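Contents: one structure, followed by commentary.
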Amino acid sequence: MPSFLNTPISSIFSGDFWRKNQKTGMKDFSRAKARGQLAVDVFQTEDDIVVLAPVAGIKVEDVEVVVQEDVLTIRGIRSLDLDIPQNNYYARECFWGEFTRSIVLPTAVNTAKIDASFKDGILKVQIPKANKVKMQIIKIKSK
């Protein structure tokens, strides 16, 4: 039997992934491993690659979208304008601060025609696929 099967389930939730709240002593989900990560959905249509990212509470001027070669990068900052002492928290699951997410695009794209929009807390990046070279049949001439 593989040794990892003998590992107690509780050990999976140890370390930085779970953190005790200093005030209550209770364990809270802390996102320590995913800090700064941005969740995305990436899908394709016939003509486009589309990226959706929930960025609720972020000002549009605090988000940047960059495409370099075959990588799309979304970066920004989530600001919390409240001064709350760390030990006053009972749970802290939201991430505040700088975030970044890079996605390798699955196909060649037309970077000159990328469109990014922001509506109802969702960032939508629509990236047109590059024009595919159509197959051309070459007629062979006999001489």
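The values are calculated or read from the model by the stated rules, or taken from the named source; none is laboratory data. All values reported here derive from a predicted model rather than from experimental measurement. Because the Cβ atoms are built from the backbone with ideal geometry, glycine has one as well, and the counts that use them run over all protein chains shown.
Within the range 61-77, the set of residues being acidic (Asp, Glu), at pLDDT 90 or above and surrounded by fewer than 13 Cβ atoms within 10 Å (Cβ to Cβ) comprises Glu61, Glu64. So Leu82 passes all but one of these: (1) in a loop (DSSP other than H, G, I, E, B); (2) closer than 15 Å to Leu123 by Cβ. Which condition number does it fail? Going through the list (1) in a loop (DSSP other than H, G, I, E, B); (2) closer than 15 Å to Leu123 by Cβ, Leu82 breaks only (2).
Would you check which residues across the range 95-121 are in a strand (DSSP E or B), closer than 13 Å to Gly76 by Cα and not basic (Lys, Arg) and list them?
Scanning the range 95-121 gives Gly97, Glu98, Phe99, Thr100, Ser102.
If you check Arg92 against the conditions, is it surrounded by 12 or more Cβ atoms within 10 Å (Cβ to Cβ), basic (Lys, Arg) and assigned to a strand (DSSP E or B)? Considered against the rule, which asks whether it is surrounded by 12 or more Cβ atoms within 10 Å (Cβ to Cβ), basic (Lys, Arg) and assigned to a strand (DSSP E or B), Arg92 comes out as no. Among all residues of the range 122-141, there is none that is charged (D, E, K, R), loosely packed, with under 10 Cβ neighbours inside 10 Å, out of contact with any Pro (no Cβ under 9 Å at 6 or more places or on another chain) and under 18 Å from Ile58 (Cβ atoms). Is there a residue being at pLDDT below 90 and of a type in the set (Phe, Trp, Tyr) anywhere in the range 80-91? Within the range 80-91, one or more residues are at pLDDT below 90 and of a type in the set (Phe, Trp, Tyr). The set of residues from the range 60-94 being among the polar types (S, T, N, Q) and touching a strand residue (DSSP E or B) at 6+ places or on another chain (Cβ under 6 Å) comprises just one member, Thr73. The residues of the range 95-114 that are touching a strand residue (DSSP E or B) at 6+ places or on another chain (Cβ under 8 Å), under 19 Å from Glu69 (Cβ atoms) and loosely packed, with under 15 Cβ neighbours inside 10 Å, listed by number, are Thr100, Ser102, Val104, Pro106, Thr107, Ala108, Asn110, Lys113. Working only within the range 65-79, note down all residues that are assigned to a strand (DSSP E or B) and within 17 Å of Val55 (Cβ to Cβ). Scanning the range 65-79 gives Val65, Val66, Leu72, Thr73, Ile74, Arg75, Gly76, Ile77, Arg78. When Ile84 is tested against (1) touching an Asp or Glu at 6+ places or on another chain (Cβ under 8 Å); (2) exposed (fewer than 11 other Cβ atoms within 10 Å of the Cβ); (3) not hydroxyl-bearing (Ser, Thr, Tyr), only condition (1) is not met.
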